[in-house]
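Following: one structure in structure tokens, then a few remarks.
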Amino acid sequence: MKRTETKQLPITENSRKWHLVDLSGQILGRAVTGIAGLIIGKTKTSYATHTDCGDYVVAINAGKIKVTGQKLQEKIYYRHTGYPTGLRQIGLDELMKKDPAKVIKLAVLGMLPKNKLQNSRIKRLKVFADENHKYSEKFKS
């Protein structure tokens with residue numbers, strides 16, 4: 001019986017594509033799962049868990065995203081400054097007013113695998129609160 005082997009593409013031959021995602025009117029969790037899949041590279045045939053073969057994603061209209069249920073009033077983001085009594089918290093409604101791109105970035109970051117590839121993957125996500133972005137030349141074809 002002949003043994004078949006899977007050929008792994010070298011990192012230099014991995015071609016990264018650019019995807020434009022319009023978030024206006026979409027549900028936060030459902031939109032972010034698709035973005036995370038594109039960044040990880042799960043849609044590619046050359047996908048392997050130990051390689052970074054994902055694509056670039058430009059997400060626009062982050063300020064027009066929707067959430068279901070009572071998340072807008074009840075969801076709280078926590079962070080710590082590193083000093084004693086340095087726990088800070090901000091609600092989802094406040095963060096959406098202040099920086100809607102950060103909401104998308106934090107949601108995608110939570111869906112990425114917690115490994116050494118996480119930082120390089122999240123750098124390929126570009127989020128903008130409105131339609132204006134500086135990557136328009138990547139989508140002209």
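Nothing in this text is a laboratory measurement; each read-out follows from the coordinates by a stated rule. These numbers were taken from a predicted model, which means no experiment stands behind them. For neighbour counting, all protein chains shown are included, and Cβ atoms are generated from backbone atoms with ideal geometry for every residue, glycine included.
The table below gives the values:
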| item | result |
| --- | --- |
| Antiparallel %, DSSP beta bridges [both residues in the chain], to 5 | 35 |
| Convex hull (Cα only) mean projected area of region 91-131, reported in nm² to one decimal | 3.3 |
| Loop GluC sites (Glu not before Pro), region 1-89 (other Cβ atoms within 10 Å of the site Cβ: 14 or fewer; DSSP) | Glu5 |
| Size descriptor, Kirkwood hydrodynamic radius, that averages inverse alpha-carbon separations across region 67-141, Å | 14.8 |
| Tilt relative to the chain, helix 100-111 - C-alpha long axis, 0 to 90 degrees, to 10 | 50 |
| Relative contact order (percent, whole number), region 27-103, Cα cutoff 8 Å, 6+ residue spacing | 23 |
| Values of log10 I(q)/I(0), in the order q = 0.11, 0.14, 0.18 Å⁻¹, for the chain under a Debye, Cα-only, solvent-free model | -0.50, -0.74, -1.08 |
| Angle between the chain longest axis and helix 28-40 axis [Cα atoms, degrees, rounded to 10] | 30 |
| Mean separation of Cα contacts under 8 Å (6+ apart) over length of the chain, as relative contact order % | 28 |
